[in-house]
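A.B. asks: First the structure, then my questions, so here it is.
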Amino acid sequence: MINYHEPLFRPPSEAFSLILQVTLGCAWNKCAFCEMYSSKNFTLRKDEDVFAEIDSLSAQANNIRKVFLADGNAMVLSFDKMSRLLDKLKSAFSRLTRVSAYAIAKDIEAKTDEELRILAEKGLKLLYVGIESGDNELLKAINKGENFESTSHALQRARKAGIKLSVMILNGLGGKKYSRQHALNSAKVVNEIQPEFLSTLVLSHPYGEDHFIKKFNGDFIPLNTIELIAEMKVFIENLELSQSIFRSDHASNYLILRGNFPRDKQEMLNRINGVLDDPANAQLRPEWMRGL
Ligand code: SF4
């Protein structure tokens, strides 16, 4: 049996996966917009505790195909610790097809090419990375602890090692001042990485806008709904992806967009242009529904 340490987060696409908490909190925990793990001190859980939870699931072992490693950046585990964990999962769940985790670029950079390749072979198939932006000025303002170059380098190494990537960009993250450079440089970094999955979320303020503004090291003037969508237009226009699945359908998004790049790029831009040309009649997700 698993006793989760709340709060617990997972990507929407891991709804049917076994969630295994191998760390508690986020090892970085300093991004200006993020309060997900602010109530937790970062901890690496002991192998014996995690392995006992895995053993407790033996009766359901045949039903477990996917495992998501929580919390914030489980990829922070050392190569040896991650390797032991993947071996344990493989022996416990014979029908396992995929292990995934949240990661930050420095977690990938801490491992050699050979180590990344071995982890992929042992079942680590997918990393979710909130890169948020490709704009260095903005990444500094939000205290991401990464920049364009570190993000692009680390994520390309992971892909070359055989690990798929699902990356997230935060629409509206820089407000009016940084909007254009955020959109352009985010498209540029995503183009370099060529992730298998790309999604955008809209910046939200769980503790209120003032709380975020105090932590934002720059001038933050929020975008209105139409400006958020105009930012998406610049971002999508500048994406050159050879084979990526795109989703902008999280609860935070006003305009729901889904498609495959490159095939559906123009269709998504047509939808955005339709909203920008006639905002009064646009079919946007209302504010009350975004809060659901
Ligand atoms: S790295 Fe991710 S989980 Fe950690 S503080 Fe930043 S956004 Fe939050």
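The values are calculated or read from the model by the stated rules, or taken from the named source; none is laboratory data. If you're wondering where the values come from, they're calculated on a predicted model, not measured in any experiment. Cβ sites come from the backbone with ideal geometry, for glycine too, and all protein chains shown count toward neighbours.
A.B. asks: How many residues are within 16 Å of the ligand (Cβ to nearest atom) and either of a type outside the set (Val, Ile, Thr) or surrounded by fewer than 20 Cβ atoms within 10 Å (Cβ to Cβ) (or both) if we restrict to the stretch 61-90?
C.D. replies: The total comes to 9.
A.B. asks: Out of Ser133, Ser166, report the one residue that is crowded, with 24+ Cβ neighbours inside 10 Å and touching a Ser or Thr at 6+ places or on another chain (Cβ under 9 Å).
C.D. replies: From the options Ser133, Ser166, the qualifying one is Ser133.
A.B. asks: Taking the stretch 30-58 on its own, how many of its residues are away from the ligand (no atom under 16 Å from the Cβ) and either modelled with pLDDT under 95 or hydroxyl-bearing (Ser, Thr, Tyr) (or both)?
C.D. replies: Residues meeting the conditions: 2.
A.B. asks: Please state which of the following conditions Pro222 fails to meet, knowing it meets all the rest: (1) in a loop (DSSP other than H, G, I, E, B); (2) without any contact (Cβ under 8 Å) to a residue 40 or more places away in the chain; (3) more than 23 Å from Lys188 (Cβ to Cβ).
C.D. replies: (2)
A.B. asks: Restricting attention to the stretch 42-58, and to residues there that are among the charged types (D, E, K, R) and closer than 23 Å to Arg95 by Cα, which single residue is surrounded by the most Cβ atoms within 10 Å (Cβ to Cβ)?
C.D. replies: Selected residue: Glu53.
A.B. asks: Looking at (1) without any contact (Cβ under 8 Å) to a residue 60 or more places away in the chain; (2) in a helix (DSSP H, G or I); (3) closer than 24 Å to Ala154 by Cα, which is the one condition that is false for Gln266?
C.D. replies: (3)
A.B. asks: Filter the stretch 10-29 down to the residues that are exposed (fewer than 13 other Cβ atoms within 10 Å of the Cβ) and part of a loop (DSSP other than H, G, I, E, B), then identify the one that is farthest from the ligand (Cβ to nearest atom).
C.D. replies: First, the residues of the stretch 10-29 that are exposed (fewer than 13 other Cβ atoms within 10 Å of the Cβ): 12, 15-16.
In the following step, the residues that additionally are part of a loop (DSSP other than H, G, I, E, B) were identified as 15-16.
Values: Ala15: 19, Phe16: 23 Å.
That would be Phe16.
A.B. asks: Just one of (1) assigned to a loop (DSSP other than H, G, I, E, B); (2) surrounded by 13 or more Cβ atoms within 10 Å (Cβ to Cβ) trips up Ser39, so point out which.
C.D. replies: With respect to (1) assigned to a loop (DSSP other than H, G, I, E, B); (2) surrounded by 13 or more Cβ atoms within 10 Å (Cβ to Cβ), Ser39 is out only on (2).
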